[in-house]
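K.L.:
Please read through the structure below; I'll follow up with questions.
The values are calculated or read from the model by the stated rules, or taken from the named source; none is laboratory data. Everything quoted here is computed from the prediction, not taken from an experiment. Ideal geometry is used to build each Cβ from the backbone, glycine not excepted, and the neighbour counts take in all protein chains shown.
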Amino acid sequence: MGILLAYAASCGVQVIVETHSEHVMDGIRIAVKDQILNNNKVKFHYLSKTNEGLTKLETPTMDEEGKINFWPDGFFDQTLKNRSKLAKRSR
């Protein structure tokens, strides 16, 4: 799905997607790495609540290889935690 969205965007279509799917985001990142879409045409926005109840907007950037410069706290962190745990060997 992410690669399909990237193809649409590469044709000049403005695509706005709300998703919780890392698969969609990874598809877009792969499309950037494969030069289907220029990284400066991609914006990821992450919204969260502060302790004061205000909305906080964070916008990580992506390089030409599809790498994200930072992952905001809570941004797909459960998957990373699960993968880390699965990668560790039991002793």
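K.L.:
Which numbered condition in (1) in a helix (DSSP H, G or I); (2) touching a Gly at 6+ places or on another chain (Cβ under 9 Å) is the only one that S48 fails?
P.N.:
Here S48 clears every test but (1).
K.L.:
Return the residues of segment 35-58 that are modelled with pLDDT under 95 and among the β-branched types (V, I, T); say none if nothing qualifies.
P.N.:
Passing the criteria: only T50.
K.L.:
Considering only residues of segment 66-91 that are among the charged types (D, E, K, R) and part of a loop (DSSP other than H, G, I, E, B), which is modelled with the highest pLDDT?
P.N.:
Among those residues, the one meeting the criterion is K67.
K.L.:
Does D63 count as on the phi < 0 side of the Ramachandran plot, of a type outside the set (A, V, I, L, M) and modelled with pLDDT under 80?
P.N.:
Here the answer is no, as D63 does not meet what is asked.
K.L.:
Can L5 be described as crowded, with 18+ Cβ neighbours inside 10 Å, of a type outside the set (S, T, N, Q) and not in a helix (DSSP H, G or I)?
P.N.:
In short, no.
K.L.:
For segment 11-38, which positions are assigned to a loop (DSSP other than H, G, I, E, B), surrounded by fewer than 17 Cβ atoms within 10 Å (Cβ to Cβ) and of a type in the set (A, V, I, L, M, F, W, C)?
P.N.:
C11, V13, V15, I16, V17, I36
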